[in-house]
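Following: one structure in structure tokens, then a few remarks.
The values are calculated or read from the model by the stated rules, or taken from the named source; none is laboratory data. These figures come from a predicted structure and were not determined experimentally. Neighbour counts are summed over all protein chains in view; Cβ atoms, including those assigned to glycine, are modelled from backbone coordinates with ideal geometry.
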2 protein chains.
Amino acid sequence: MSVQRIGVPLTAPHSFEKPDWLDTILKGDCVAALEKLPKHSVDMVFADPPYNLQLGGDLHRPDQSRVDACDDHWDQFDSFDAYDAFTRAWLLAVKRVLKPDGSIWVIGSYHNIFRVGAILQDLGYWILNDVVWLKSNPMPNFRGKRFTNAHETMIWAVPRKDAKYTFNYEALKTFNDDLQMRSDWHLPLCTGSERLKDEDGRKVHPTQKPESLLYRVLLSSTNPGDVVLDPFFGTGTTGAVARKLGRHFVGVEREQDYIDAARARIDALSPANDDALEITLGKRAAPRVPFGNLIEAGLIAPGTKLTCARGRHQATVRADGSLVSGDHRGSIHKVGALVQGQEACNGWTFWHTEDGGLLTPIDNMRQIIRSGLPTSGR
Amino acid sequence: MSVQRIGVPLTAPHSFEKPDWLDTILKGDCVAALEKLPKHSVDMVFADPPYNLQLGGDLHRPDQSRVDACDDHWDQFDSFDAYDAFTRAWLLAVKRVLKPDGSIWVIGSYHNIFRVGAILQDLGYWILNDVVWLKSNPMPNFRGKRFTNAHETMIWAVPRKDAKYTFNYEALKTFNDDLQMRSDWHLPLCTGSERLKDEDGRKVHPTQKPESLLYRVLLSSTNPGDVVLDPFFGTGTTGAVARKLGRHFVGVEREQDYIDAARARIDALSPANDDALEITLGKRAAPRVPFGNLIEAGLIAPGTKLTCARGRHQATVRADGSLVSGDHRGSIHKVGALVQGQEACNGWTFWHTEDGGLLTPIDNMRQIIRSGLPTSGR
DNA sequence: TATATAGTTGAATCAGTCT
DNA sequence: TAGACTGATTCAACTATAT
């Protein structure tokens, strides 16, 4: 994978000086700072605005340790109206500096993304896709009160319906093993050595995004030499990936601590170093197929009897994918272990369905699900 | 572990006739039809509203065959304002008939889901999760101008912030091979024999949802016997799955063709038997057993020494079920917290009895009480 | 040095009942 | 209604320490 170099040829027909704001971080409120940029001067915008989380008291893990919540002042808003006004203001300011054929990405969670999306549409932006970032290692739901919040949503939009935006279809397809890139991206959180820490080992920013995410965003919707604006620059992930990919950046950030960290981070990079790119490529794994999927898919009905290969043990399937065998209840693995008096058991190969005397391991049905073939329905 | 029965016994203390609208499809506009239902009469709502698709002209595949897009007249709105007014109206009508502790699911795509989500919040609904349905076999993006649109978004919400909603956490966890269920659901489209076709082999409804999706929705947020409302009933996937899972349904639909198809589809079904509908319940569903009961039952004697799992902390049981450890006195939970210097502690899992070097959590004795096994008495 | 075990952590709108 | 009390609840990945 090769990368083109930055740089505008000095002899280009419309040559111009490199603007002084290019590859810098503007300090201040984003709406005010964006007034310093010329109209239609950036090719793409990546924005990670405050999510307006409305957290209650402290949350503790089952081991009693306290969750380090994002409770920073910049994430606090008095009401939805206040958040909407804020959102409308910065999206308008962005629209002025964005080129007519540029595009914008905004990331958010269910706390804010619906408001952002509706306001984007109200302001005349045209949504191209929503892309979901599926986290391979999200924080669990410790109290068991909801589904694990395992994704965030990105909206990709253009400032007008008929914009001729950049989309590197072939590059993305190659990147994705020659399959069209889908709207679901499986990537891990920003942890480990990539996560910026201060001298005391504390994270510098509560919500630093992984470079792998920005890598895909910039690769898909910008060209080398393009200018990428991030109005909520934070610790500069957008700038770091832009530099690695040979794109220009301009950031806006209010907090001096974040600016310092971002500046140091980006200055340490040399542009378009292929080696540096390697680490940004995320892992991708095939999704697991839990036993419950077979029931949903109609491959196994609640009430079905399962047996082991020798017919010694029997169990009945319940609606939630649990098995019952005598007094034993639980997952296919747990009940398989219990009926055998063993510590562990692979339920997929242990349990079988019977059809006319023919025993078939339930693992075979999992293969049907994985293959994507249509199932019979129930 | 018991299961509620379908239907209300006529002799029950607060007996009432089965409402005439139960398990029926109301024909007409959804706001008008919902006025026929009593206030706070449904436990859960699943809504698949029109998507407000704005397709400019026909879409063709590379081989020039026309894509059968969703261009039915019910899916056309003149503007975002019109769509918002429509959305506000039906979400308000739904809020009247939904029980205060019920919940609502709404499914949509990027065309409409941001407006729906923002209006839900504006109307005072409290979002619990957004759940993404990842399609294992989505329609490719034929023009290669965007990412393959491979998912739809569902919003799960309650009508007020402090609602005590139904969430079958343990059942879903069992369903998912003993891992808590996440907000990303990988499920195939509705195809094959499940997809309703007319005599000419054309699909009856353009956006028929897979039963697997509804199966998971109903399993997670309803109990057997609950009433599920679908204000955009279409060809009745919600009703079909509700019947299979021993839930009641009520649907609203404008098109007679859809009503006929849905009615025939549901009438052909018989509900699963009660045993198969039984689901895995968590500890919260079990009756409370005070620590003193173990003493009354003779499972533990006053004066017994308890220790933590590592033997670091010790305490003595007193006749009233309180513990003493140094200067600390109080319940198993309070003393457990005090000796560790923590705010809270689950005494049931913290304290252990010792027998020949073997440590056993006192929670095991609680299991004996709950199981109803005979104890030694006093 | 390699492997095993223990500890830490991540954008989180995270309890229910009785007095 | 506010406060006290009971007691339920976690997954993947990385880091530090121990063997």
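Quick notes
- Answer residue from region A:88-123, given it is touching a Lys or Arg at 6+ places or on another chain (Cβ under 9 Å) and without any contact (Cβ under 8 Å) to a residue 40 or more places away in the chain and is farthest from B:Leu128 (Cα to Cα) among those: A:Leu123
- Answer residue from region B:157-186, given it is touching a strand residue (DSSP E or B) at 6+ places or on another chain (Cβ under 6 Å) and more than 15 Å from B:Ile104 (Cα to Cα) and is nearest to DNA strand D (Cβ to nearest atom) among those: B:Gln180
- Residues in region B:256-301 that are closer than 30 Å to B:Lys209 by Cα and either away from DNA strand C (no atom under 16 Å from the Cβ) or more than 14 Å from chain A (Cβ to nearest Cβ) (or both): 25 in all.
- Lone unmet requirement of (1) in contact (Cβ under 8 Å) with a residue 12 or more places away in the chain; (2) assigned to a loop (DSSP other than H, G, I, E, B) for A:Leu214: (2)
- Residue check for A:Ser79: exposed (fewer than 13 other Cβ atoms within 10 Å of the Cβ), within 14 Å of chain B (Cβ to nearest Cβ) and within 16 Å of DNA strand D (Cβ to nearest atom): no
- One residue from B:Leu123, B:Leu98, B:Leu92 being out of contact with any Gly (no Cβ under 7 Å at 6 or more places or on another chain), of a type in the set (A, V, I, L, M) and within 12 Å of chain A (Cβ to nearest Cβ): B:Leu123
- Counting only helices (runs of 4 or more DSSP H) that fall entirely inside region B:232-313 and contain at least 3 residues that are small (Gly, Ala, Ser), in contact with a Ser or Thr (Cβ under 7 Å, 6 or more places away or on another chain) and not assigned by the TED database to the domain that holds B:Arg202, no element qualifies.
- Condition check for B:Leu359: part of a strand (DSSP E or B) and in the same structural domain as B:Ala301 (by the TED database): yes
- Scan of region B:173-186 for residues that are facing chain A (nearest Cβ under 7 Å) and among the hydrophobic types (A, V, I, L, M, F, W, C), ordered by number: B:Phe175, B:Met181
- Of all residues in region B:309-339 being away from DNA strand C (no atom under 13 Å from the Cβ) and touching a Phe, Trp or Tyr at 6+ places or on another chain (Cβ under 8 Å), the one that is farthest from B:Ile295 (Cα to Cα): B:Gly336
- Options A:Gly201, A:Gly192, A:Gly225; residue that is away from DNA strand C (no atom under 16 Å from the Cβ) and on the phi > 0 side of the Ramachandran plot: A:Gly225
- Residue within region A:41-51 that is within 14 Å of DNA strand C (Cβ to nearest atom), in a loop (DSSP other than H, G, I, E, B) and either surrounded by fewer than 21 Cβ atoms within 10 Å (Cβ to Cβ) or more than 26 Å from the chain's Cα centre (by Cα) (or both) present: yes
Residues checked against (1) surrounded by fewer than 16 Cβ atoms within 10 Å (Cβ to Cβ); (2) on the phi < 0 side of the Ramachandran plot:
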| residue | (1), (2) |
| --- | --- |
| B:Leu306 | no, yes |
| B:His313 | no, yes |
| B:Leu323 | no, yes |
| B:Gly326 | yes, no |
| B:Arg329 | yes, yes |
| B:Cys345 | no, yes |
| B:Trp351 | no, yes |
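Yes/no per residue for (1) surrounded by fewer than 18 Cβ atoms within 10 Å (Cβ to Cβ); (2) at pLDDT 95 or above; (3) part of a helix (DSSP H, G or I):
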residue: B:Arg96; (1), (2), (3): yes, yes, yes
residue: B:Trp105; (1), (2), (3): no, yes, no
residue: B:Asn129; (1), (2), (3): no, yes, no
residue: B:Pro140; (1), (2), (3): yes, no, no
residue: B:Arg143; (1), (2), (3): yes, no, no
residue: B:Thr166; (1), (2), (3): yes, yes, no
residue: B:Lys173; (1), (2), (3): no, yes, yes
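- If you go through region A:122-156 and keep only what is more than 18 Å from B:Met154 (Cβ to Cβ), away from DNA strand D (no atom under 16 Å from the Cβ) and touching a helix residue (DSSP H, G or I) at 6+ places or on another chain (Cβ under 6 Å), you end up with just A:Leu123.
- Test: residue in region A:42-58 that is without any contact (Cβ under 8 Å) to a residue 24 or more places away in the chain, in contact with a Lys or Arg (Cβ under 8 Å, 6 or more places away or on another chain) and of a type outside the set (A, V, I, L, M): yes
- Filtered residues of region B:226-252 (kept if among the small types (Gly, Ala, Ser) and in contact with a helix residue (DSSP H, G or I) (Cβ under 6 Å, 6 or more places away or on another chain)): B:Gly234, B:Gly236, B:Gly239, B:Ala240, B:Gly246, B:Gly251
- Matching residues, region B:124-174, being more than 14 Å from DNA strand C (Cβ to nearest atom), within 19 Å of B:Leu213 (Cα to Cα) and of a type in the set (Lys, Arg): B:Lys135
- Residue in region B:152-170 that is more than 17 Å from the chain's Cα centre (by Cα), of a type in the set (Phe, Trp, Tyr) and facing chain A (nearest Cβ under 8 Å) present: no
- Lone qualifier among B:Pro290, B:Pro302 - being exposed (fewer than 15 other Cβ atoms within 10 Å of the Cβ) and either away from DNA strand D (no atom under 11 Å from the Cβ) or of a type in the set (A, V, I, L, M) (or both): B:Pro302
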